[in-house]
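Structure record follows, encoded as structure tokens.
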Amino acid sequence: MPNPSSRATYLDRLSQTIVTAVSNQRIGIPRFVRFLDRLDSETTVDDSLNSALELCNQIFGGEPVRQQRGGDPDTHETLHVAWQDGASALISAGPSGTNSGIGSAPEIMILGSSGSIFFDGTTSGSPTVEQVVQR
Amino acid sequence: MKSLGVLCIGGMQTHQENHAAGFNADKRSHIVAIADESDIDERRRALNIRMAEQYGVPYIEGIEVALANPAVDIVSMCADVERRHRVAAACAKAGKILYLDKPLASNGVLAATVVDAIAESGVVSQMYSFVHTPWAKAAKACVESGRLGKLLAVHTDILFAKGPGGTEGSTGLRKETSEPSEFTFVESKREFFDLGVYPIGLCLWLVDSEPTAVTAVTGNYFFEQHKRNDTEDFGSVAMTFEGGTVATATGGRIGWNSHPAGGPHRITLVGENGTERFDAWEPRLEIYATADAPKLPPPHPEDPMGMWRSTQQAAGIPKKTTYAPVADETRWYPDDIEAFLDCLEQGSAPIMSAHRALGPSKVISAVYRSAASGKSEPI
């Protein structure tokens, strides 16, 4: 994903797919999100954490009641977050880098009371998403 | 090396099932006897005797009597969590080599008493961990190669897809206890205590340091049995190290149907030059076919969570078939025991010695304090 708009389109489509799966009760009650973002040079840590937190708020249906932050805002940071009903999340963002070999999209694990969702990231697929959005 | 005599403390329906099988399979060791404290309950005593019968060795009542046996070189120690610190310390004082169940004790303070006893006696020790799995060794090699540059973060998930999940339908909110004292139940256990030790141990080993502070959350997310027994089925922790490195870990039991294999087992390393992932199930084949998918049978009444090898087999829990990983997970226990015996044979120090294993115990104690207070807690 070479440019910010492509990444934004991709993540927006990914978020919609996740929220649909959760709201259709495919995994029971959502309990925990692990969001590990691998950033290209165009995306800031702060932007990534904020968009991941927004996705978690959609999944858990509200704002968190507890939020703790660790790391360095210029390189890698982690948010540890909890919601009123006990749901929680670990949200991290760091450099994808040239050595990663696994692209610059997030890995996501969502645990529900009766199932789970895994998104292991991808090194391809972005052009397909753009075609879907333009349709 | 002569074949070393192994005394097993604790029997069936403990991790001794795996320890004993590993020592029995290696020609450098043989099982001498099963033993335990003399005042244990009848259920535990009967399960210990069953293991003695399985291996055709005597069952010895009383630790002191068993340790006095000159044929005992190694103690494989799987006493119940609530009393394992005093049993381990007694074994160390008797000068026996120790292969220890995890974690070392019910809290960091008691774990330190085990480490002190081992240091005083000078015996070799190792706690079971994942440091000898191929994916963890690959992660360590990555750190040591320096190809990621300065290590910024380590993220680990060790979640077991076992047990009939989906039974806890109310809020996942949990009121945690800052100093838990009960750990042993038939229907459940404290999963972050028992499983969180794996990812925390990996984080501390990979960072090669101990954290200064943690934030943690525990929950009752998946199983009504855990909620009924006031034991968490899931926990997560974020750890801060000197120099700014961050590590996070999740540990818990998520239900048999929530993963196509044994559950998420993964390490992600983040360095200034990039990110690398090490997954127990990668590389793998994925197999889809017309054959019926395996189904979880009714739970075994003595082990509804599918914790133990013997009761898994008795209940007929099938092996999942979708993932065929290139590295075989059935080797993890034997590999750890082989590495331990290699150290004894070569005179080298085990990686996950009791001294190193103290770190995870201290972190777990801080996890419960943080989950109870809702705040960052020092180690």
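The values are calculated or read from the model by the stated rules, or taken from the named source; none is laboratory data. Everything numeric in this text was worked out from a predicted model, so none of it was measured. Here the Cβ positions follow ideal geometry from the backbone for every residue, glycine too, while neighbour counts run over all protein chains shown.
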How many of the residues making up segment B:274-305 are part of a loop (DSSP other than H, G, I, E, B) and in contact with a strand residue (DSSP E or B) (Cβ under 8 Å, 6 or more places away or on another chain)? 6
Got at least one residue in segment A:6-19 being of a type in the set (S, T, N, Q) and in a loop (DSSP other than H, G, I, E, B)? no
Counting only residues that are more than 20 Å from the chain's Cα centre (by Cα), give me the helices (runs of 4 or more DSSP H) lying completely in segment B:160-251 with at least 1 of them. B:224-228
Restricting to segment B:318-356, count the residues that are under 30 Å from residue B:298 (Cβ atoms) and free of Cβ contacts under 8 Å to residues at least 60 places away in the same chain. 7
Scan segment B:158-183 for residues that are under 30 Å from residue B:143 (Cα atoms), within 11 Å of chain A (Cβ to nearest Cβ) and buried (at least 24 other Cβ atoms within 10 Å of the Cβ) and jot them down. B:159
For the list (1) among the β-branched types (Val, Ile, Thr); (2) surrounded by fewer than 23 Cβ atoms within 10 Å (Cβ to Cβ); (3) without any contact (Cβ under 8 Å) to a residue 24 or more places away in the chain, I need the number of the one condition that residue A:78 fails. (2)
Quick one: in segment B:362-374, which of the residues that are in a helix (DSSP H, G or I), more than 16 Å from residue B:241 (Cα to Cα) and small (Gly, Ala, Ser) is farthest from the other protein chains (Cβ to nearest Cβ)? B:365
Can you give me the number of residues within segment B:254-287 that are crowded, with 20+ Cβ neighbours inside 10 Å, facing another protein chain (nearest Cβ under 8 Å), charged (D, E, K, R) and touching a residue at least 12 places away in the same chain (Cβ under 8 Å)? 1
For segment B:201-212, does any single residue satisfy the condition of being within 14 Å of chain A (Cβ to nearest Cβ), touching a residue at least 60 places away in the same chain (Cβ under 8 Å), within 26 Å of residue A:38 (Cβ to Cβ) and not basic (Lys, Arg)? yes
Residue B:215 fails exactly one of (1) under 20 Å from residue B:161 (Cα atoms); (2) touching an Asp or Glu at 6+ places or on another chain (Cβ under 8 Å); (3) not basic (Lys, Arg), namely (1)
Being of a type outside the set (Phe, Trp, Tyr), surrounded by fewer than 16 Cβ atoms within 10 Å (Cβ to Cβ) and modelled with pLDDT of 95 or more is the requirement here; does residue B:311 meet it? no
Output for segment A:3-40, where each listed residue is among the hydroxyl-bearing types (Ser, Thr, Tyr) and either surrounded by 19 or more Cβ atoms within 10 Å (Cβ to Cβ) or in contact with a Phe, Trp or Tyr (Cβ under 6 Å, 6 or more places away or on another chain) (or both): A:10
Out of (1) farther than 30 Å from residue B:206 by Cα; (2) modelled with pLDDT of 95 or more; (3) in contact with a helix residue (DSSP H, G or I) (Cβ under 9 Å, 6 or more places away or on another chain), what's the single condition that is false for residue B:288? (3)
Any chance residue B:251 is touching a residue at least 24 places away in the same chain (Cβ under 8 Å), more than 9 Å from chain A (Cβ to nearest Cβ), buried (at least 24 other Cβ atoms within 10 Å of the Cβ) and touching a Leu at 6+ places or on another chain (Cβ under 7 Å): yes
Among the residues in segment B:96-103, are any touching a residue at least 60 places away in the same chain (Cβ under 8 Å), out of contact with any Gly (no Cβ under 8 Å at 6 or more places or on another chain) and aromatic (Phe, Trp, Tyr)? yes
The condition from (1) more than 14 Å from chain A (Cβ to nearest Cβ); (2) crowded, with 21+ Cβ neighbours inside 10 Å that residue B:187 misses is numbered (2)
Looking at segment B:141-149, is at least one residue touching a Phe, Trp or Tyr at 6+ places or on another chain (Cβ under 9 Å) and modelled with pLDDT of 95 or more? yes
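Among the residues of segment B:306-323, is any part of a strand (DSSP E or B) and either within 12 Å of another protein chain (Cβ to nearest Cβ) or within 25 Å of the chain's Cα centre (by Cα) (or both)?
First pass over segment B:306-323, keeping only residues part of a strand (DSSP E or B): B:323.
Next cut, either within 12 Å of another protein chain (Cβ to nearest Cβ) or within 25 Å of the chain's Cα centre (by Cα) (or both) only: B:323.
Yes: one or more hits.
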